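Participant: My questions will all concern the structure given below.
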Amino acid sequence: MLEMFGICKKFPGVTALDSVDFAASRGEVVALVGENGAGKSTLMKSLAGIHRPDSGTINLEGKPVLLHSPADAAALGIGTVHQELEVIETLDVAANVFLGREPTWGGPLRLVDRKRIRSDAEKFLARVGFSGNPETPVRALSTAQKQLVEIARALSQQARLLILDEPTSSLTPAETGRLMQVIADLRSSDVTVVYISHRLHEVEQLADRVVVLRDGRNAGELRRGEITRDRMIQLMVGRDLKTARAGSLSSAKVGIELRDLRTKRYPSQAVSLSIRSGEILGLAGLIGAGRSELARVLFGVDRPRSGKILIDGSSVEFRAPRDAIRRGIYLVPEDRRTSGLLTAMSVRENITLPDLSRFSTAGCIRRQIESRAAQSLCAEFMVKSPSVETKAGDLSGGNQQKVVLAKWLSLMPRTILFDEPTRGIDVGAKAEIHVLMRRLAENGVAVLMISSDMEEILQNSDRVAVMHAGKLTGILARSDCTEEAIMRLAV
């Protein structure tokens, strides 16, 4: 059905695609894998009409096509669900599903048919397991629910070729299972699916074939009987991965303590919890359990309804993030693009922003000193960027996350809060971040790691706290941590 030959694409200072070939048959699920920056998203954006390849050809059903815009791709039955959410927060769910394709009624003065939009949207939302009200404003949804709305939008376009870029990165296991069933139904209906994911166990379960990219080039291809996690990693990375291992606590000293803390979302549930200096405390639970809300209170983004935060046994009050930052508490947020970075600013500006006084004299920023510091941190955290003047929004997801880490870790944290630290990040960058977290703990930093990735929780946590509906349902010692024990508490 689809053939792409010799696709090349260059950006200033970077060759994103170097003569890449890709093909997919009707009713086939083809997984496209590779490290961040390997060229996966650029290749698919070329297919979706977002980028124009510098050279190469694209054939659909045996005929060459030119894709000048996403509208051209949609007209040919190519639908895309992007990794970064693309919803209109001020519109409701149903309006987002049919955005730009609203059915109308009436005479010369056509009016949007709201009743039909809602009834039609409900059908596609049901297919992806969305149980909310279609008239709910999107801004009121969780990240996982917004992702489901995007998938429903793509299905509503009757796509014959569907590109899914990290579609399960914010979904619970139940929601992921539902999406797997949706994809199986699409395959049986002769819809071709291109599945981009760093969750290799999903690729093993789902893909008929795997195409691997590395550094903008084809690195190999695996067919159904050849698809294993080890084979994929070998082709993707081309090197051995360092892995972090949970260890014994280096200190019994409490770094930060919560006493009867209540958040705005769950005012009836009081959470008491301590994070020790030198440990990684995993915070598990299903999406919506209240974990991110707890992190926002600890970082001063939200005010608690009641309760106390204690540092060294003394109560502290955070009215804003600056109060937490002064205490050495930093947050690596779940949504790095909207909450962790200023994507229109350079890598240099993002890295040095939290403490500009270090690079200023008499209120004027000394650019040479600032640039040298940013270059040093980029080298230390292995940020792949053409230069420190590159816009942060132009980097791959893994490198954006490294910029967020470099920004905070240069300030010598006392406590650091990681909210889904490896969401949408490749196996290589994920391993590097895990090693970094362990190094922080070994240096006496109190680390809170919120994660929906069970493997990540089990591999890296010294202890695991589990939440459900705003309530702390249990804390497991390292020796008691199993997937079954965590899920029992999570539900």
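Participant: Could you tell me which of the pairs Lys123/Lys402; Lys40/Lys123; Lys146/Lys471 are separated by over 29 angstrom between their Cα atoms in the structure shown? Intermediate results must be reported in sequence, preceding the final value.
Facilitator: Details: Lys123/Lys402 40 Å; Lys40/Lys123 31 Å; Lys146/Lys471 24 Å.
Too far apart for the 29 Å limit: Lys123/Lys402; Lys40/Lys123.
Participant: Trypsin sites (Lys or Arg not before Pro) within segment 246-350: which are DSSP loop residues with at most 14 other Cβ atoms inside 10 Å? All intermediate terms of the calculation are to be shown ahead of the outcome.
Facilitator: Details: sites: Lys253, Arg259, Arg262, Lys264, Arg265, Arg276, Arg291, Arg296, Arg305, Lys308, Arg319, Arg322, Arg326, Arg327, Arg336, Arg337, Arg348; in loops: Lys253, Lys264, Arg265, Arg305, Arg319, Arg327.
Those that pass, being in a loop and sparsely packed, are Lys253, Lys264, Arg319.
Participant: Which of rounded, prolate or oblate describes the chain when judged by the alpha-carbon gyration tensor and an a/c cut-off of 1.5? Before the final figure, lay out the partial values.
Facilitator: On the way: a/c = 1.61, a/b = 1.37, b/c = 1.17.
Here the chain falls in the prolate category.
Participant: Just to make sure I understand: if all protein chains stay in place, what is the order of Asp426, Asp260, Asp72 by accessible area at 1.4 Å, largest first?
Facilitator: Most to least solvent-accessible, the answer reads Asp260, Asp72, Asp426.
Participant: A further question on this structure: Counting only other residues whose beta carbon sits under 13 Å from that of Val20, what net charge do I get with K and R as +1, D and E as -1?
Facilitator: Working: positive: Lys9, Lys10, Lys40, Lys45, Arg214, Arg217; negative: Glu3, Asp18, Asp21, Asp54, Asp215, Glu221.
Neighbour charge sum, excluding Val20 itself: 0.
Participant: About the Cα centre of segment 338-431, what is the dipole size in debye to 20, counting +1 per Lys and Arg Cβ and -1 per Asp and Glu Cβ, all else neutral? Could you put the intermediate results ahead of the total?
Facilitator: On the way: 12 positive and 9 negative charges, 41 e Å.
So the magnitude is around 200 debye.
Participant: May I pose another question? Using alpha carbon centroids, what distance separates segment 159-186 and segment 379-397, in Å?
Facilitator: Spelled out, the Cα-based centre of one part sits 30 Å from the other.
Participant: Counting each DSSP H run of 4 or more residues in the chain as -39500 (n - 2.57), what helix-only mean residue ellipticity at 222 nm follows after dividing by all residues, to the nearest 500 deg cm²/dmol?
Facilitator: The helix contribution divided over the chain gives -9500 deg cm²/dmol.
Participant: Work out the charge dipole of the chain with +1 on the Cβ of Lys and Arg and -1 on the Cβ of Asp and Glu about the Cα centre, then indicate which of Tyr195, Gly49, Ala144 is farthest towards its positive end.
Facilitator: Ala144
Participant: While we're on this one: Take the alpha carbon atoms of segment 27-100, find their center, do the same for segment 413-491, and report the distance between the two centers in whole angstrom.
Facilitator: 34
Participant: May I ask you to give the percent of accessible area on the chain that is carbon plus sulfur, with a probe radius of 1.4 Å?
Facilitator: Details: 10460 of 21520 Å².
C and S atoms contribute 49 percent here.
Participant: With +1 on each Lys and Arg Cβ and -1 on each Asp and Glu Cβ, and nothing else charged, work out how big the dipole of the chain is about its Cα centre, in Debye to the nearest 20.
Facilitator: Using only the charged Cβ atoms, the result is roughly 1140 debye.
Participant: Magnitude of the Cβ-charge dipole of segment 128-200, K/R +1 and D/E -1, about the Cα centre, nearest 20 debye?
Facilitator: In debye, rounded to 20, segment 128-200 gives about 40.
Participant: Please report, in Å, the Rg and the Dmax of segment 188-227, where both are computed over Cα atoms only.
Facilitator: Values for segment 188-227 (Cα only, Rg and Dmax): 11.0, 34 Å.
Participant: Quick check for you: with a 1.4 Å probe and neighbouring chains kept, what is the accessible area per residue of segment 134-182, in Å²? If you can, show how the numbers build up before the last one.
Facilitator: Details: 1500 Å² over 49 residues.
Value for segment 134-182: 31 Å² per residue.
Participant: Per residue, how much accessible surface does segment 342-491 expose to a 1.4 Å probe? Answer in Å², no decimals.
Facilitator: Accessible area per residue: 41 Å².
Participant: Considering the convex hull of the alpha carbon atoms of segment 15-110, report its projected area averaged over all viewing directions, in nm², one decimal.
Facilitator: Here the figure is 9.3 nm², rounded to one decimal.
Participant: Take every DSSP beta bridge with both residues inside the chain and express the antiparallel ones as a percent of the total, to the nearest 5. Don't skip to the answer; put the middle values down first.
Facilitator: Working: 44 of 78 bridges.
In the chain, DSSP labels about 55 percent of beta bridges as antiparallel.
The values are calculated or read from the model by the stated rules, or taken from the named source; none is laboratory data. Not measured: the values here are computed from a predicted model. Heads up, the Cβs are rebuilt from the backbone with ideal geometry, glycines too, and the neighbour counts pull from every protein chain shown. Heads up: the accessible areas ignore ligands, DNA and RNA and are worked out on the full protein's heavy atoms, side chains in. Shrake-Rupley method; radii C 1.70, N 1.55, O 1.52, S 1.80 Å.
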